[in-house]
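Report on the following structure.
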Amino acid sequence: MNDNYIHSDSRLIYVNENIPGPAEDTEEYLELINNFNSQLVCKCECRGHCVDAGCLCINSSRGRNYTFSIDHNLRTYKLNCNNNNINQKPVFECNDVCLCISHCGNRLVQKGPCDGLSVKSCELEEKGFGLFTKYLIAKGSFVCEYAGELITKSQAFQRHRLNVANKKINYIFCLNEHSNDEITQTFVDPSSFGNIGRYINHSCDPNCYIVPVRINSPIPKLAIFSLCDILPDQEITIDYGSNNCSYSQQEINDVDCKRKKCLCNTNKCKGMLPYESF
Ligand SMILES: C[S@@+](CC[C@H](N)C(=O)[O-])C[C@H]1O[C@@H](n2cnc3c(N)ncnc32)[C@H](O)[C@@H]1O
């Protein structure tokens with residue numbers, strides 16, 4: 001992966017990709033580690049580029065994931081979307097055991113973040129740092145991953161409680177994936193080990209969104225794609241959650257969920273940060 005970003009804060013350790021959180025003797029943790037270490041069964045045998053449903057990875061994704069285009073003189077692979085501008089199908093990229101070429105058109109997130117991202121203080125001091133772009137990012141482009149420690153739900157709740165008690169910023173993100181009445185949750189904490197994505201703030205009218213992308217492991221990467229063209233010097237933002245809170249009232253009480261005031265300053269602001277960001 002090509003990722004040349006670093007943290008300016010020496011207390012943080014830069015990781016390009018998710019790493020497992022500290023070991024625990026619990027079934028929940030063993031399941032997480034087993035998943036982290038297992039290789040997806042999806043393996044294509046394409047010669048050259050993977051472009052159509054003849055590729056097992058594209059087939060598992062229910063159609064081609066990315067389309068090459070030249071937009072604003074930028075050569076980019078863009079995520080294929082439905083009419084709402086968002087991707088709602090699974091995304092399986094070609095992986096280490098596939099036989100296709102290393103630059104096949106179904107390998108994007110694994111190549112690393114886009115160029116020109118920078119971390120700056122936000123105009124509203126209370127929002128802390130934010131992630132900005134120096135160059136135009138065309139709609140549908142991959143920006144970066146939200147990578148950090150992969151932790152269990154119990155570890156997430158425990159860490160959140162400590163963050164609240166110590167008045168620390170919360171970085172834990174919970175990705176919910178809904179399928180057949182089941183919810184799969186992935187908890188990523190880039191507080192101490194994380195990539196450039198850890199600086200992305202929430203907006204109720206965001207210019208990016210998170211797409212679960214699977215490459216080698218069944219655990220998805222939290223891949224951030226642009227929803228519209230993003231101009232130079234604009235802040236990269238995502239919506240931290242949805243209206244459908246997937247925590248029970250008991251769980252919300254357990255994390256002492258005092259929701260934070262949202263400072264996104266957009267016309268669509270709902271006033272508070274979503275539950276999913278704790
Ligand atoms: C992933 S971090 C984002 C980077 C963070 N601003 C920093 O300085 O490192 C998430 C935290 O940033 C703050 N934050 C993000 N979006 C915000 C918003 N719209 N309004 C207020 N605070 C926000 C909250 O403290 C939240 O827990």
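Numbers below:
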{"item": "³J(HN,Hα), Karplus 6.51/-1.76/1.60, whole Hz, each residue of region 202-216, x for Gly, Pro", "result": "8, 9, 7, 9, x, 9, 9, 8, 9, 10, x, 10, 9, 10, 8"}
{"item": "Most fluctuating residue given options Cys122, Cys55, Cys100, as computed from a GNM of the chain linking Cα atoms under 10 Å", "result": "Cys122"}
{"item": "Candidates Ile219, Ile137, Ile86, ranked by Gaussian network fluctuation over the chain, Cα under 10 Å, top entry", "result": "Ile86"}
{"item": "Descending semi-axes in whole angstrom, ellipsoid equivalent of region 101-238, from the Cα gyration tensor", "result": "24, 22, 13"}
{"item": "Surface share of carbon and sulfur [accessible, 1.4 angstrom probe, percent] for region 1-95", "result": "48"}
{"item": "Integer Hz, Karplus 6.51/-1.76/1.60 couplings in order for region 190-196, x for Gly and Pro", "result": "x, 4, 10, 10, x, 10, 5"}
{"item": "Convex hull projection area averaged over all views, region 1-77, Cα basis, nm²", "result": "9.2"}
{"item": "Amide H partners (placed H, <5 Å) of Val91, local residues excluded", "result": "Arg214"}
{"item": "Karplus-derived 3J(HN,Hα), 6.51/-1.76/1.60, for each residue of region 10-25, Hz, glycine and proline x", "result": "5, 7, 9, 10, 7, 10, 6, 9, 4, 10, x, x, x, 5, 9, 8"}
{"item": "Over 31 Å (Cα to Cα) - which of Lys43/Lys134; Lys89/Lys168; Lys78/Lys268; Lys168/Lys221; Lys89/Lys127 fall in this group", "result": "Lys43/Lys134; Lys89/Lys168; Lys89/Lys127"}
{"item": "Gained length - Leu12 relative to Asn34, 0.36 nm times residue gap less alpha-carbon distance", "result": "5.3 nm"}
{"item": "Once the Cα gyration tensor of the chain is diagonalised, semi-axes √(5λ) in Å", "result": "29, 24, 18"}
{"item": "Accessible surface, per residue, of the chain when the full set of protein chains is kept, probe 1.4 Å, Å²", "result": "53"}
{"item": "Calculated [θ] (222 nm, deg cm²/dmol) that DSSP helices of n ≥ 4 give over the chain, each run adding -39,500 (n - 2.57)", "result": "-3500 deg cm²/dmol"}
{"item": "Candidates His49, His160, His72, ranked by Gaussian network fluctuation over the chain, Cα under 10 Å, top entry", "result": "His72"}
{"item": "Asp115 versus Asn265: modelled label distance in nm, points set 7 Å from Cα along the beta carbon direction", "result": "3.0"}
{"item": "Cα centroid separation, region 1-80 to region 129-154 (Å)", "result": "13"}
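The values are calculated or read from the model by the stated rules, or taken from the named source; none is laboratory data. If you're wondering where the values come from, they're calculated on a predicted model, not measured in any experiment. Cβ atoms come from the backbone with ideal geometry, glycine included; neighbour counts cover every protein chain shown. Note: accessible area is taken over every heavy atom of the protein model, side chains too, but ligands, DNA and RNA are not part of it. Shrake-Rupley method; radii C 1.70, N 1.55, O 1.52, S 1.80 Å.
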